[in-house]
Structures are given as structure tokens and as C-alpha cells.
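What follows is a short report on a single structure.
The values are calculated or read from the model by the stated rules, or taken from the named source; none is laboratory data. None of the values given here were measured: they were computed from a predicted structure. Note that each Cβ is placed from the backbone with ideal geometry, even for glycine, and that neighbours are counted across all protein chains shown.
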Amino acid sequence: MHRYTFYDFFAGGGMAGIGLGSEWSCLFANDIDAKKADSYRANHSGDHTFLLKDVAELKTTDLPDHADLIWASFPCQDLSVAGKGAGLRFV
């Protein structure tokens, strides 16, 4: 049974939700990239909570219910094969 709920912004493949564990239920997830949306849905059995939309265009009416946690993932494009793979550069 889920005890806690969360929103997942910049969700990518939805790994934050998996990491939170079975006591957590995602009420809403978003990302701007269609490939990430496909990955999210594959990782979460076609989960309907995902909205493919630029976070800058979201409205409060897009967010269902009330979440116990609001999560915004670190931009990982330069750390993954989905991005340029440049990694972090230290100047």
C-alpha cells in the first residue's frame, strides 16, 4: 500500500520513483523529451501520470491532488547516452 505521494519533474525514465520504493506513488510526472516519455512509460507499465510537456508551460491545473514530495531531477543529459556525453567539466 502506498503511504506517500510525489510529483516528478524532469522525470526522464522515472528512476527517482523507483528509488523511492513501494511506499511511494507518483501522482504526476513530466519531461519535454519524447524518448524519455517512452522510457518512463516502459519503466512504469504505461503509467498515465506522465505528461510530455515543457515544465515552463505547466499550469497548477496540470497537477492532480496534493503531493507529499515534489522532486525535480538533476539535468543528466551530459552524463547519459541520451545527451552529448560530455560529462561534468571542472574549470
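If we keep just the residues of segment 40-67 that are polar (S, T, N, Q) and at pLDDT 90 or above, which is nearest to TRP24 (Cα to Cα)?
Filtering segment 40-67 for residues that are polar (S, T, N, Q) and at pLDDT 90 or above, the one nearest to TRP24 (Cα to Cα) comes out as ASN43.
For ILE70, are the conditions met, namely being among the β-branched types (Val, Ile, Thr) and modelled with pLDDT under 95?
Against the criterion (among the β-branched types (Val, Ile, Thr) and modelled with pLDDT under 95), ILE70 does not qualify.
Which residues, counting only those in segment 1-56, are in a loop (DSSP other than H, G, I, E, B) and among the β-branched types (Val, Ile, Thr)?
ILE32, THR49 - these are the residues of segment 1-56 that are in a loop (DSSP other than H, G, I, E, B) and among the β-branched types (Val, Ile, Thr).
Show the residue pairs meeting these rules: Cβ distance below 7 Å; 6+ apart or different chains; first residue within segment 1-13 and in contact (Cβ under 8 Å) with a residue 60 or more places away in the chain and buried (at least 23 other Cβ atoms within 10 Å of the Cβ); second residue polar (S, T, N, Q) and assigned to a loop (DSSP other than H, G, I, E, B).
Filtered contacts from segment 1-13: ALA11/SER73; GLY12/SER73.
Residues being of a type outside the set (Val, Ile, Thr), without any contact (Cβ under 8 Å) to a residue 40 or more places away in the chain and either surrounded by fewer than 16 Cβ atoms within 10 Å (Cβ to Cβ) or closer than 21 Å to ALA56 by Cβ (or both): count how many of those fall in segment 16-25.
Number satisfying all stated conditions: 4.
Under 6 Å between Cβ atoms, which residue pairs at least 6 apart in sequence (or on different chains) link something in segment 59-83 that is under 21 Å from GLY19 (Cβ atoms) and surrounded by 12 or more Cβ atoms within 10 Å (Cβ to Cβ) with a partner that is at pLDDT 90 or above and β-branched (Val, Ile, Thr)?
Hits for this filter: ALA67/THR5; ASP68/THR5.
For segment 1-39, which positions are at pLDDT 90 or above, closer than 16 Å to ASP65 by Cα and not polar (S, T, N, Q)?
Residues satisfying the conditions are ARG3, TYR4, PHE6, TYR7, ASP8, PHE9, TRP24, CYS26, LEU27, PHE28, ALA29.
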